[in-house]
1. Among the residues of region 76-83, is there at least one that is buried (at least 21 other Cβ atoms within 10 Å of the Cβ), touching a residue at least 24 places away in the same chain (Cβ under 8 Å), over 29 Å from residue 185 (Cβ atoms) and touching a helix residue (DSSP H, G or I) at 6+ places or on another chain (Cβ under 9 Å)?
2. Would you confirm whether any residue within region 228-242 is modelled with pLDDT under 90 and assigned to a strand (DSSP E or B)?
3. Check 62, 67, 54 and return the single one that is surrounded by fewer than 20 Cβ atoms within 10 Å (Cβ to Cβ), within 20 Å of the chain's Cα centre (by Cα), assigned by TED's automatic domain parsing to the domain that holds residue 16 and of a type in the set (A, V, I, L, M, F, W, C).
4. What number of residues in region 52-91 are outside any helix (DSSP H, G or I) and hydrophobic (A, V, I, L, M, F, W, C)?
5. Out of all the residues in region 35-51, which are surrounded by fewer than 19 Cβ atoms within 10 Å (Cβ to Cβ) and closer than 20 Å to residue 97 by Cβ?
6. Cβ-Cβ distance below 6 Å, separation of 6 or more or different chains: which pairs start in region 20-34 with a residue that is under 17 Å from residue 266 (Cβ atoms) and end on one that is of a type outside the set (Ser, Thr, Tyr)?
7. Residue 41 passes all but one of (1) under 21 Å from residue 9 (Cα atoms); (2) outside any loop (DSSP other than H, G, I, E, B); which number fails?
Amino acid sequence: MIKQYLADIIYIFTNEGYEVTARPTLTQGEAITCARDCSDEYDRLVCCGGDGTLNEVVSGLLMRKELHPKYKSLPIGYIPAGSTNDFANTLELPSDMKQAALQVLTGHPFACDIGSFNDRKFCYVAAFGAFTDVSYDTDQNLKNIFGHAAYVLEALKRLSQIRTYDVKFQLDESVISGEFIFGMICNSRTFGGFKNPMSDFVSLDDGLFEIILLRQPPMETDLIEIIETLKLGNPIIDSEYYYYFKSSSITVDFSEPTPWTIDGEFESAVSHAEIRVLPKAVDIIIP
């Protein structure tokens, strides 16, 4: 998507006096290496892609901070170009690429919380269960053509495959266990293109993440009603099948290895996960 705008974006930065190094990534994980190895001569790092690309850049910069603690802080500019752009929408970044490039210059750094999932970092969501495999199982060509609609088409195939997971959650101040069909730890006002029903309570720098859990209702009509409510972004009131918490740390134990989705990308199946908030871990430039 960026190809037709790249010359304009480089001009925008150069016109403000910056010397620009442009680096297209060729393989998954390459953005981690690029960000990790950024020298101290750079003033800011700008990435263009989807939430997975931003995840790699954030992960690389956190490695850079550990390797070179004396380096100056390197704020991240983000030009969103994914199919859904959940985190970019939460940050209220422009969807127009040239406008997004301009705000990299005119905006201000925002110290943003980041999540740690065992040894992996995430910007806005770690999830398991129903429909969480849609993002990485959807054909890339379909995503390029249809955008978010491609995710919806793929999700429809999953309706008959919903299963439960025997899981225990240890939060800051409570423990909850049982059979769940979906679980999510997030720091975003949207996920999968849909509004977070607790979006009014989301703060990206409060040191807390939102946890949403969903049990299997006995009636399919109840499940459809809950999913429709979530899709519309409406809070679910007084439901014995829906749970909402805020916590800075979460320990998750499954009875069997369970796959997760981290910022829309596949994470290997795990039986145990230690999830922590890294308060104000990176600076992202926002309007």
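The values are calculated or read from the model by the stated rules, or taken from the named source; none is laboratory data. All of these numbers come straight from a predicted model, not from anything done at the bench. We place every Cβ from the backbone using ideal geometry, glycine too, and count neighbours over all the protein chains shown.
1. no
2. First pass over region 228-242, keeping only residues modelled with pLDDT under 90: 228-242.
Among the residues that remain, those that are also assigned to a strand (DSSP E or B) are: 242.
Within region 228-242, one or more residues are modelled with pLDDT under 90 and assigned to a strand (DSSP E or B).
3. 62
4. Number of matching residues: 5.
5. Answer for region 35-51, where residues must be surrounded by fewer than 19 Cβ atoms within 10 Å (Cβ to Cβ) and closer than 20 Å to residue 97 by Cβ: just 44.
6. Hits for this filter: 31/56; 31/57; 32/56; 32/60.
7. Every condition holds for residue 41 apart from (2).
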